[in-house]
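Here's the structure, in structure tokens; my notes come after.
The values are calculated or read from the model by the stated rules, or taken from the named source; none is laboratory data. Computed from a predicted model, the values in this text were never measured in an experiment. Cβ placement follows ideal geometry from the backbone for every residue including glycine, while neighbour counts extend to all protein chains displayed. All accessible areas refer to the heavy atoms of the entire protein, side chains included, with ligands and DNA or RNA removed. Shrake-Rupley method; radii C 1.70, N 1.55, O 1.52, S 1.80 Å.
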Amino acid sequence: MLNFEPMLFAAAVTLSGIWVWMLALLFVALIGYFLYHEFHRKRIWRDLDRNFAHMEAFFRGDDGAVCFRDREQRLVMWNQQFADAVKDFSGVEIRKGMRAKDYVPAELYESFSPQRERMMRAYDGEIQVSEYEVPDDGGSSRWLETRWTPVIIDGVCVGTTEVSRDITTRKIQEKMLQKSEMRYEALMHNSTEAISCFELDPPMPLSLTVDEQLDYIYKHARVAEANMAWAQYAGFSSAKELLNQPLDRLVPRSNPDNENVLKKLAEAKFNLRNFKTFEPDDKRNVHVILNNMVGDISNGHLVCCWTSSVDITDKELALDKLKDAEAKYRSVVELCNEAIFITQDVKIQYFNPFTKKMTGYSEEELRSTEFLNFVHPDDREIVKKEYQSRITGEKPASQYSIRILTKNNEVKTVIINSATVEWEGAPAVLTLITDVSELKSLEKKLNEQNERVARMERISIFGQLTGAIAHELNQPLTGILSNAQAAEIILNKERQLPVEMIDILKDIISDTKRAGDVIRNLRDLYGEQTGDFGPVEVNRVVEQTCAIMNSEFIHKKVCLLIECDPDLPNVDGNAAQIQQVLLNLLTNALQALCSIPENGRLIKISTTFEASLVRVTVTDNGPGIDGAKLASMFRPLASWKSGGMGLGLTISDSIIENHQGRMFAVNILDGGAEVGFELPIRMDS
């Protein structure tokens with residue numbers, strides 16, 4: 001049987017020796033590798049030390065913030081700009097061996113991860129550049145550009161140089177340029193004008209003759225820029241189709257008009273502005289085109305030429321219509337039979353021929369004399385006030401009446417209509433004067449005739465009221481007689497004057513005054529009237545009129561209601577004429593109640609005012625007014641009652657109109673009619 005123990009022992013000894021030798025060799029290899037790399041590292045740093053002087057000179061000469069980091073990203077070298085930038089940014093003093101996270105605030109360090117990644121790629125031997133935005137102390141921000149360049153010695157990257165520069169100004173300029181380009185694009189593509197640019201390659205020398213320049217342009221010019229409007233104008237569906245097209249294809253030289261335009265452009269040294277061309281369309285309608293052509297000239301050579309064209313046909317037509325309208329307006333003004341002129345700084349700047357005819361002054365006299373000198377002295381303040389109101393922007397009267405003096409001192413009554421206009425860039429007043437002297441004369445005659453007719457109407461009414469007057473006077477006279485007789489009896493019986501005698505005498509005085517008032521009111525109503533206007537108490541007129549008509553109301557068993565506003569302001573007018581109108585309305589109301597039973601007759605007189613008008617209303621509960629006659633009841637001879645002459649309401653309407661008021665009449669739904677008048681309130685009331 002074989003004994004394996006010696007064999008196994010021998011094998012174990014052999015293997016142990018092999019392991020010992022392998023460990024010895026590994027130890028020697030490690031010692032050699034360490035010595036080699038230590039020697040290599042020291043040689044690299046010796047090389048770096050030899051180059052540090054050059055790097056320091058480079059750092060000092062660079063205007064950016066420069067630093068050198070070793071393989072472990074530790075700061076080894078930096079310039080003053082880098083130290084100042086770090087201190088301004090984070091307030092940290094730079095020291096050798098610091099890493100970025102030692103001086104970059106923690107809240108910003110994570111946001112710089114893209115920059116850290118680029119720095120790490122630089123250690124792999126790639127040059128890296130990054131542009132990034134950093135916050136500033138003032139709450140704004142600034143842009144930096146950082147370049148990482150690997151430093152390689154004997155094929156090994158021993159660190160990186162980092163150069164940072166402030167590029168905020170460049171970024172702002174880039175944004176401005178971008179906005180400018182966007183505006184340019186928006187202008188080009190959205191403009192309604194047809195805009196294009198043709199380039200010449202090579203640029204054309206301007207020393208050539210005009211004919212040689214035309215040959216050169218048609219040979220070398222191509223479209224470099226164009227917008228959609230120009231593409232449509234040239235018959236293309238898009239602006240891109242125009243690019244690089246030869247000029248001869250778009251504006252063929254075979255068309256003499258095109259060659260003439262380019263010839264004018266060359267003769268104008270490639271600066272031809274605001275010239276018009278007339279071009280027909282497919283329907284043979286001629287369009288007016290406004291063009292501008294401006295060349296870009298450099299070193300005596302034409303580089304390119306910009307063109308713009310816009311269709312102004314509608315504008316030209318509008319201008320032609322405006323010229324026609326101005327010509328027609330001028331013809332109307334020149335031929336008008338009213339004086340039309342423009343005043344500025346109280347001087348007449350323009351006037352039509354009729355102004356000279358109306359005033360009798362010559363053209364030189366009108367221009368050299370202030371307008372106020374032509375106005376009657378008593379009316380000059382009115383004109384001054386109105387003129388100043390218009391110039392200062394206030395709201396003056398739409399029209400007013402004044403008197404003017406002609407050259408031969410003739411006084412003319414005119415109506416002024418004015419409006420504020422602009423004359424040669426400054427405010428002025430356009431005035432139209434209408435001569436109403438003859439009209440005023442006719443109006444005066446008409447008023448006199450109306451007064452005569454009104455007096456005849458009053459006489460007619462007076463005849464109708466004879467019985468009422470007799471009855472009204474009979475009552476106080478009877479009272480006077482009775483009281484006098486009683487006094488006589490008492491005096492015959494007793495010599496002392498008793499209390500009853502005093503009362504009787506008071507009654508005699510009262511009745512006598514009443515009789516005097518009645519007679520005086522009738523005398524005022526039917527006497528000769530002067531027609532003068534003044535302040536009138538309308539409530540007083542109502543009171544006097546009712547006193548005159550009192551017996552009629554009693555005789556015809558009419559219930560009279562009077563509702564007068566105690567605060568009623570005065571009106572400007574003639575009291576007797578207003579009383580005549582009211583008397584006429586009450587007479588008509590009494591006649592309207594004839595068909596109503598005696599126990600149901602009612603007349604109400606009311607006075608009110610609102611805004612600038614006083615309103616007097618007479619209401620009855622009669623049958624009302626025929627609807628067919630209601631609209632024409634104030635016209636002459638349009639009587640609405642049987643046997644009437646049709647003059648009473650017409651005269652009343654004329655009187656109220658002469659007082660600048662109006663009359664009205666309406667039917668009441670429950671029966672009856674409401675007739676009255678409105679008068680303007682006196683301004684000083």
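Structural remarks
- In terms of its C-alpha gyration tensor, the stretch 146-257 comes out prolate, because a/c is 1.5 or above and the ratio a/b outweighs b/c.
- Once the 1.4 Å probe is applied to the protein heavy atoms, the stretch 196-265 comes out at 55 Å² accessible per residue.
- Among 71-80, 616-625, the order from most to least packed when residues are scored by Cβ within 10 Å on average: 616-625, 71-80
- When Rg and Dmax are taken over the Cα atoms of the stretch 175-238, they come to 15.2, 44 Å.
- Between the alpha-carbon centres of the stretch 353-416 and the stretch 123-168 there is a gap of 86 Å.
- If R0 is taken as 51 Å, the Cβ-Cβ distance between GLU93 and LEU23 corresponds to a FRET efficiency of 0.50.
- Size of charge dipole - the stretch 344-418 - debye, nearest 20, with Cβ of Lys, Arg +1 and Asp, Glu -1, no other charges: 160
- A straight Cα-to-Cα reach below 23 Å connects LYS356 with the lysines LYS328, LYS347, LYS384, LYS407, LYS412, LYS440, residues fewer than 8 places away in its own chain not being considered.
- A cut-off of 5 Å between modelled amide H atoms, ignoring neighbours fewer than 5 places along the same chain, links ILE668 with ALA673, GLU674.
- Here the accessible area of the stretch 294-362 is 57 percent carbon and sulfur, with a 1.4 angstrom probe and all protein chains present.
- The residues TYR233, TYR361, TYR123, sorted by heavy-atom accessible surface at 1.4 Å with ligands and nucleic acids left out, run TYR233, TYR361, TYR123 from largest to smallest.
- Computed lengthening from GLU381 to THR420, 0.36 nm per intervening residue step minus Cα-Cα distance: 12.1 nm
- Efficiency of FRET between GLU117 and SER612 - r from beta-carbon atoms, R0 51 angstrom, step 0.05: 0.05
- Centroid-to-centroid separation of the stretch 545-614 and the stretch 260-298 [C-alpha atoms, Å]: 85
- Inter-probe distance in nm under a simple model that places probes 7 Å from Cα toward Cβ, at MET176 and LYS395: 5.2
- With protein chains left intact and a 1.4 Å probe, residues in the stretch 547-605 average 42 Å² of accessible area per residue.
- Karplus-derived 3J(HN,Hα), 6.51/-1.76/1.60, for each residue of the stretch 417-430, Hz, glycine and proline x: 10, 10, 8, 7, 9, 10, 10, 6, x, 10, x, 8, 10, 8
- Residues LEU319 and ASN408, FRET efficiency given R0 of 45 Å [Cβ-Cβ distance, rounded to 0.05]: 0.50
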